[in-house]
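First the structure, in the form of structure tokens, and then the observations on it.
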Protein chains: 2
Amino acid sequence: MEKNQKVVLSSRPEGELKAVNFQLLDCDIPSLSDGQFLIKNHYLSLDAGFRQWMNEGASDNYLAAMPLNEAVQSIVLGEVVESRHADYAVGAFVVGRTAWERYSVADGSDLMTCIELGSGVSAEHHLSVLGPSGMTAYFGLTDIGRAKRGDTVLVSAAAGGVGSLVGQMAKILGCRTIGISSSGEKCQWLKSELRYDDVINYKSEPGLAQSIQELAPNGVDVYFDNVGGEMLDTVLPHLALKARVILCGAISQYDASGKHAGVHNLWELITKRARAEGFMFSDYVDDYEEASAVIGQWIAEGKLNAPVSITDGIATTAAAFCDMLAGKNLGKSIVRLF
Amino acid sequence: MEKNQKVVLSSRPEGELKAVNFQLLDCDIPSLSDGQFLIKNHYLSLDAGFRQWMNEGASDNYLAAMPLNEAVQSIVLGEVVESRHADYAVGAFVVGRTAWERYSVADGSDLMTCIELGSGVSAEHHLSVLGPSGMTAYFGLTDIGRAKRGDTVLVSAAAGGVGSLVGQMAKILGCRTIGISSSGEKCQWLKSELRYDDVINYKSEPGLAQSIQELAPNGVDVYFDNVGGEMLDTVLPHLALKARVILCGAISQYDASGKHAGVHNLWELITKRARAEGFMFSDYVDDYEEASAVIGQWIAEGKLNAPVSITDGIATTAAAFCDMLAGKNLGKSIVRLF
């Protein structure tokens, strides 16, 4: 049997995360105990949120800080190739949280779910629109954001793995969508591929605040926040009455080795009677099936694209993850291993 | 007929608001136009929130910045003594938003409601537990905070006009209550008069964070935030899963002439799947009657005290307002004029 390979966090990032903070190592494929199974990982899902737990002392109630010199935690999609677990037969395909490695040992915990491929649904779909990113977009918008027909929905990191789906789903729900991104090229793509009604390149004139003011003079009903920090602060004064801020991620803040940047405009939540609420896709695991049916229908009807940025081979993982944090991807970032 | 008197904002506060920022002026009682009525103000309600709108340029969607040299906006309780409005007969008692003055002209807007005195319900009750402060406490806890039996409810400015009611109401709802205040004396009072289960003097050892950790090791389910700023930031890491932060006021921040202090720990709302939501008591005007029945019953059963700090005469208003902002009051601050 072939050897395993893994990408470990070999040093803590000082500020911006770089590929040199990681190392690709050869290692053995472990043998299984009762209740375990071996996954051959076909794909690694690159999710910005994991960046937070790469910092020293970043342990919280959701995850522990990632230990140095161990494979980096990640959502993966793979095939069970050996099993001593009754519920996971050889040949089954699964999505779950293991690590950046070619083969993972799992025991059915860590969000492990079996998936079905085929019939218009690809492996990429299961890591994007039908996977954690899709569930994040769907439940964030519908349950946390209560997005409804006629709402103005503003999305930050709109070209990212989650944002690229949020805009499309909001549009399907009858909302007006405004996407924020960091380049003219990405903004073009948001309009042409993801049908955003309006786009804002926050790095160009007239700047984010003025652009929101012009595009949403009556205020933003739903802000899907993937960025946090200064961008969140800038958006708050532009909320509409009874607005909902979906706190999904804080990609602007993960490189801050100490505390996150201060948000000064929370008073706006009082006078606007508005709400900011955090969530995790994993809270909705019991509702995945229902959501998957809805999303699958949207895909089948051609209403929903699932854009992906794919690189090939485990050796590309660290650089692809850093590129994603720097906003170089269009849609969901995925590494293909086999 | 006697003359009118009013307290005007005569200069913008630079940092801390002081009594010298106000002036007491004699003036005429205006004559009425059709649709207006004259209120003889028996009581002025002192509410910390109004401090925000005394700052230069503090206009927002809720209120405009208070103009200089005009009577300071305020909730009042008074008697209609002259009327050219069909709905407000001479002799009726009303609560509404007019200003720091002995006589006010009103037209039925600005939250004006008729009230009934007598049968165990005093004028003070109508400015505290049955007035804006009581409605703020009640709807904040029940509708925004969804406080329920067994919840741990943390209250800042717990000895203030709203906080003194929140703790008692939460206790009636079956919650465990922890009150934060700024002195040992006030903390004693919170326990003896308001039945808080636990109290924290945030100015004494071991400090706020450590005290919350010790008193609520499993986290805070509901944080009723009257203070904002650094205190809010300190509380966020101690939230329980699915916690609710009721954004009611930001008394620590009103003296900041520029932007409010930054809150750094919003990431906690994500990993805790928690919610921060602002509100205004005035949104619930259609539900006042229902709430008043519930609260009135609590008063009648002796379950709910309505503590007030009263000063006499319009000349005491400015100093009493500043004292309240400095936390020198116990319960609702009221000025009695007649």
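The values are calculated or read from the model by the stated rules, or taken from the named source; none is laboratory data. All of these numbers come straight from a predicted model, not from anything done at the bench. For neighbour counting, all protein chains shown are included, and Cβ atoms are generated from backbone atoms with ideal geometry for every residue, glycine included.
Quick notes on this one:
- Set B:ASP255, B:ASP233, B:ASP225, B:ASP221: member being at pLDDT below 95 and of a type in the set (Asp, Glu): B:ASP255
- Residues located in the range B:115-138, provided they are loosely packed, with under 14 Cβ neighbours inside 10 Å and either touching a residue at least 12 places away in the same chain (Cβ under 8 Å) or of a type in the set (Phe, Trp, Tyr) (or both): B:GLU116, B:LEU117, B:GLY120
- Flag for A:LYS259 being assigned to a loop (DSSP other than H, G, I, E, B), among the basic types (Lys, Arg) and closer than 23 Å to A:GLY161 by Cα: no
- Selection of the range B:56-106 for residues being under 26 Å from B:HIS125 (Cβ atoms) and small (Gly, Ala, Ser) yields B:ALA71, B:SER74, B:GLY78, B:SER83, B:ALA89, B:GLY91, B:ALA92, B:GLY96, B:ALA99, B:SER104, B:ALA106.
- Some residue of the range A:305-321 being crowded, with 16+ Cβ neighbours inside 10 Å, modelled with pLDDT of 95 or more and closer than 20 Å to A:GLY228 by Cα: yes
A quick yes/no check of all residues on (1) within 20 Å of B:ARG146 (Cα to Cα); (2) within 9 Å of chain A (Cβ to nearest Cβ); (3) not polar (S, T, N, Q):
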residue: B:ASP233; (1), (2), (3): no, yes, yes
residue: B:ILE246; (1), (2), (3): yes, no, yes
residue: B:GLU277; (1), (2), (3): yes, yes, yes
residue: B:TYR284; (1), (2), (3): yes, no, yes
residue: B:TRP298; (1), (2), (3): yes, no, yes
residue: B:SER309; (1), (2), (3): no, no, no
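- Taking the conditions (1) at pLDDT 95 or above; (2) not assigned by TED's automatic domain parsing to the domain that holds A:ALA19 in turn, A:GLY302 satisfies each one other than (1).
- Selection of the range B:283-311 for residues being touching a residue at least 24 places away in the same chain (Cβ under 8 Å) and over 30 Å from B:TYR62 (Cα atoms) yields B:TRP298, B:ILE299, B:ALA300, B:LYS303, B:LEU304, B:ASN305.
- Some residue of the range B:68-87 being in contact with a strand residue (DSSP E or B) (Cβ under 6 Å, 6 or more places away or on another chain), closer than 24 Å to B:SER128 by Cα and touching a residue at least 60 places away in the same chain (Cβ under 8 Å): yes
- When restricted to residues that are of a type in the set (Gly, Ala, Ser) and outside any loop (DSSP other than H, G, I, E, B), the range A:319-330 contains 2.
- Any chance B:THR316 is more than 14 Å from chain A (Cβ to nearest Cβ), more than 30 Å from A:ALA250 (Cβ to Cβ) and in a helix (DSSP H, G or I): yes
- Selection status of A:VAL294, assigned to a helix (DSSP H, G or I), more than 9 Å from chain B (Cβ to nearest Cβ) and touching a Ser or Thr at 6+ places or on another chain (Cβ under 8 Å): no
- Hits in the range B:248-271 - residues which are facing chain A (nearest Cβ under 7 Å), in contact with a Lys or Arg (Cβ under 9 Å, 6 or more places away or on another chain) and among the aliphatic types (A, V, I, L, M): B:LEU269
- Scanning the range A:123-141 for residues that are among the hydrophobic types (A, V, I, L, M, F, W, C) and assigned to a helix (DSSP H, G or I) returns A:ALA123, A:LEU127, A:MET135, A:ALA137, A:PHE139, A:LEU141.
- Filtered residues of the range A:50-81 (kept if out of contact with any helix residue (DSSP H, G or I) (no Cβ under 7 Å at 6 or more places or on another chain), crowded, with 17+ Cβ neighbours inside 10 Å and in a strand (DSSP E or B)): A:ALA71, A:VAL76, A:GLY78, A:GLU79, A:VAL80
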